[in-house]
Each structure stands twice: as C-alpha cells, then as structure tokens.
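J.: Before I ask anything, here is the structure I am working with.
The values are calculated or read from the model by the stated rules, or taken from the named source; none is laboratory data. Quick caveat: nothing in here was measured; it's all calculated off a predicted structure. Methodologically, a virtual Cβ is constructed for each residue, glycine included, from the backbone with ideal geometry; neighbour enumeration extends over all protein chains shown. Surface accessibility is based on the protein's heavy atoms, side chains included, excluding ligands, DNA and RNA. Shrake-Rupley method; radii C 1.70, N 1.55, O 1.52, S 1.80 Å.
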Amino acid sequence: MNAAPDEKPWLALVGIGEDGAAGLSPAARAALLQASLVVGGRRHLALAGEFPGARMEWPSPIEAAMPEILARRGEKVCALASGDPFFYGVGTLIAARLAPEEFTCFPAPSAFSLAAARLGWSLQDCALVSLHGRAFARLIPTIQPGARILALSWDAGTPEKIARFLEGRGLGAARLITLEALGGPRERVRQARAEGFDLAEVDPLNLVAIELPTSPREKFPPLAPGLDDALFETDGQITKSLMRAATVAALAPRRGELLWDVGAGSGSIAVEWARLDPANRAVAIEARADRAERIARNAQALGAPQVEIVRARAPAAFAGLPRPDVVFVGGGLAEPGVLDGALAALGPGGRLVANAVTLEAEAELLARRAAHGGALTRVAFAEAAPLGGFETWRPSIPATQWRLVKPEAST
C-alpha cells in the first residue's frame, strides 16, 4: 500500500554508530525522540539511550517485525540500524514494503567507510564483502593479486577463519587487519599475517581488512571463464576448459540473470556462470546423487555459492523452478521432452544453448534448428602431443552447438 501523495514520511530509518545518540545529527535525534515506537537490535536500542517511545527489538527473522510496523502507519515510527541502513542493512527490507515518500533515512558512516578512513584505503579500489550469515565462498572471486578486501564478520571467530581460509589457498603472506567496534570507545585496530594468525579476544563486532600479496600468481583464480579442468572435482562428465569458455560466451551472460544448467554433470557451466557476477544465479539440474554432491563441492570451492542444485531428471525437474533467462543443455539432449521443456520454460527473448557430441544428439539439434531456426556451430580443438620423436595434433571430440533466442510472441 502506497502513501497518499501529500502524506508526510511517518517512518524514520536512523543509522546509529558505536558513538550512540551523541553521534546522531539533530534531525536524526529529533526523529528518535518524536517516535511512538522505536525498533532496533538490542545493541542499537542500548546505544540510543533514553527516549519516550515504546521499544521493540528486531525479531528473528527480522521480517516478522513488519506487520507491527505497518500497523503503525500514520504514527511516528523510528527504525534503528547499524551505520548506513542501505549498505547490507535493513533499509532494503523497509524500502520493499513502503513507498519512498513514506520514510526518511538518516544514514551514519558504514563500517566500510569507517574502516577505509582508518586505513587510508580508497573504497572504490576495495572489494566489499559481507560474511555476516553468508558463505566464505563469497571471498573467492575477490582473491586477486594485490587486492584489498573489506569483509564484514559474522562473529569473533571470523578473522581467524579467514586466515585459515587464505592459508589453505597458499596465501599465508596476506595481511589481515581486524577493526573492532569501530567509531566507539572500544575501538581497536590490530594486524597479523594469515600464516600464524594469533590475534586473541577479538570483539564480535568487527570487520576484517585483507591485503593480498601479488604472488605466486598461480594461486589467484583467473577472471575469464575456462578454468583449468584440474580445479574441478569430476568423474569425467565435464565440459572441458576450452569448450566451456566458448559455451559461456555463447550463453551471453548479463548481470542478475538466471541460468538452468541441464544435465549439469560436474556443474562446470553453472559454476563459471555464477562466478562472473555475484548477482548471477544458476540452477544445476542433475539426476545422479553423487554428481549433485560433487557440484555442491565445486560451487563452494570455486566461489559460486549462489548455484542451486536440483537433484532430479529433466524435464520433470523443470516443474516449479523459477523461469530462466538462459538454458544450457549439456546432457540428456536425446531424452524425450528435454528441449521442448526448456524452450517452453523460456520467456520471449530467452536464450538456449545446447552442445552435442554424439551423432544422436547432433541429429536432434539439426532437427530443432530446421524447426525453430537459430545458429549451428561446429567446434573442435586440437592440442600438440608427442608422436614418436616428433609432435602432432591430437584432436578433441568435436561438438555441435545450437544457439537460439526465443522470439517474441506474435500478436
């Protein structure tokens, strides 16, 4: 429900730091004192000090507070949040349920801004990551030579876990800086190397700054698709590196799109897709339990935690899944209904890419291209290999690739 055009904001979203009410602007302080209800975490409410309104702690899950907040529409309500409410904060939850004219936001400096100020690091040159309730695999795409990373911690144990994580990837020389209780009287900044990390009694409210070395270069994952096959755990059912790079290019990824990887095998296409951008999502559809478990391990190990795994056989697996923007079919092409189901799932403008390496699967693609159009490409690679005392070309199995953009519905 949207507010009337002439209705003034009734909810104030106030960012509060470790300096408490003393650090609030006059306008934010006034919003706090005028509210009939103040909602915040236990720490936020304590930092705010005394105020006349009723207090309510954010419940778990936090969305459960919204009915009570919305029931107060027309009253003055204040929602407290850490730092900048729209930077990994509660602001997104509020904005999804209220029209912009219904609320006013008074942000305080975020933990990222405070950390950059203490370290003299430029925020635009840093990778910003939240590990607050999120998988450590989110760090992997940011691991690049000389990178600077600011990571919001989950708890007091997060800095040491980051150290062990980096050390396990051969990056023990990384410098870790813990910034604890930033902006308040308990603020403390300390540093150590990942290897031999020994900082004790870390405050649970902390952020970790990571400065990575520039070598050895082979420890840093490449940015382009086509990761070395050896990085994947596989039973042999995998789209090989060069073919994978060509296939991801044919999928034409855009930020925030959803891919179905049908007959995912080792999940290499879904993983490469998700690694391109943290907003990209992928559903890896695989019937075999051992392969589904392997896909999960590959996704975590290679920094693609947003890959969802559906253990079922296509096309029955398609039922109930969110509509894809793109579908890749790498296995089960000759199974009845797979291509029909994939095409039906795509909306107008959706894209489909299918690779065939057997004559039967290739015949299916030829027939589909005759019926629906699209483009066919023959892809083959060869690598130099010994032949007696000389070298010759050893060709890989060629693949036929069909690419189709689903046409707009006719009117």
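J.: Between ARG188 and ARG254, what is the spin-label point distance in nm, taking each point 7 Å from the Cα along the Cα→C-beta axis?
T.: 5.0
J.: Give me the log10 of I(q) over I(0) for region 1-114 at q = 0.18, 0.20, 0.23, 0.24 Å⁻¹, as the Debye formula computes it from C-alpha points; what are the numbers?
T.: With no solvent term, the Cα-only Debye profile gives -0.84, -1.06, -1.42, -1.55.
J.: If I stretch the segment between ALA380 and ALA181 completely, what's the gain in nm (0.36 nm per residue apart, minus their alpha carbon distance), one decimal?
T.: Extending this stretch completely gives an extra 66.0 nm.
J.: Shifting gears a bit: Rolling a 1.4 Å sphere over the protein heavy atoms, what is the accessible area per residue of the chain, to the nearest Å²?
T.: Details: 19710 Å² over 411 residues.
That works out to 48 Å² per residue.
J.: Moving on to the next point. For LYS161, list the lysines whose Cα falls under 23 Å from its own Cα; do not include residues on the same chain fewer than 8 positions away.
T.: Those lysines meeting the cut-off are LYS219.
J.: To continue, here is another question. Report, ordered by chain and residue number, the lysines lying within cross-link reach of LYS8, taken as a straight Cα distance under 23 Å and ignoring same-chain residues fewer than 8 apart.
T.: Counting by Cα, and skipping residues close in sequence, LYS8 has these lysines nearby: LYS76.
J.: Continuing with the same structure: Test of understanding: express the Cα radius of gyration of region 220-295 as a ratio to 2.2 N^0.38 Å, with N the residue count.
T.: This ratio for region 220-295 stands at 1.02.
J.: By its C-alpha gyration tensor, with a ≥ b ≥ c as the square roots of the eigenvalues, how is region 97-250 shaped: rounded for a/c under 1.5, else prolate for a/b larger than b/c, else oblate? If you can, show how the numbers build up before the last one.
T.: Details: a/c = 2.29, a/b = 1.42, b/c = 1.61.
Here region 97-250 falls in the oblate category.
J.: Quickly work out the ALA200-to-ALA135 label distance, labels modelled 7 Å from Cα along the C-beta direction, and quote it in nm with one decimal.
T.: It is 3.5 nm.
J.: Then there's this: About the Cα centre, and with charges only on the beta carbon of Lys, Arg (+1) and Asp, Glu (-1), how big is the dipole of region 198-324? Nearest 20 debye, please.
T.: Once rounded to the nearest 20, the dipole reads 700 debye.
J.: Near PRO185, within a Cβ-to-Cβ distance under 11 Å, what is the net charge of the other residues, with Lys and Arg +1 and Asp and Glu -1?
T.: Result for the neighbourhood of PRO185: -1.
J.: Hey, could you grab the Kirkwood Rh for the chain? Inverse mean 1/r over distinct alpha carbon pairs, Å, one decimal.
T.: Mean inverse Cα-Cα distance, inverted, gives 24.6 Å.
J.: Ok, one more. Would you mind working out the magnitude of the charge dipole of region 18-172 relative to its Cα centre, with +1 at each Lys and Arg C-beta and -1 at each Asp and Glu C-beta, to the nearest 20 Debye?
T.: So the dipole magnitude of region 18-172 works out to roughly 260 debye.
J.: A further question on this structure: Choose one of SER215, VAL379, ALA65: the residue whose Cα lies farthest towards the positive end of the charge dipole of the chain (beta-carbon charges +1 Lys, Arg; -1 Asp, Glu; about the Cα centre).
T.: VAL379
J.: Probe radius 1.4 Å, ligands and nucleic acids ignored: give me the carbon and sulfur share of the accessible area of region 1-79 as a rounded percent. Present the calculation step by step, with values, prior to reporting the outcome.
T.: Details: 2270 of 4030 Å².
Exposed carbon and sulfur together represent 56 percent of the surface.
J.: Further question on the same structure: Roughly speaking, to the nearest percent, how much of region 273-339's 1.4 Å accessible area is carbon and sulfur?
T.: Percent of accessible area from carbon and sulfur atoms in region 273-339: 49.
J.: Per DSSP helix of 4 or more residues, -39500 (n - 2.57); summed, then divided by the residues of the chain. What does that give at 222 nm, rounded to the nearest 500?
T.: Numbers: 11 runs with 101 residues, N = 411.
Only helices count here, giving -7000 deg cm²/dmol.
J.: Going by a ≥ b ≥ c, the root eigenvalues of the Cα gyration tensor, does region 115-204 fall in the rounded group (a/c under 1.5), the prolate group (a/b larger than b/c) or the oblate group?
T.: It comes out rounded by the Cα gyration axes.
J.: Could you sort the peptides 163-174, 276-287, 191-202 by per-residue average Cβ neighbour count (10 Å cutoff), highest mean leading?
T.: On the way: 163-174: 17.7, 276-287: 21.9, 191-202: 14.2.
Output ranking for 163-174, 276-287, 191-202: 276-287, 163-174, 191-202.
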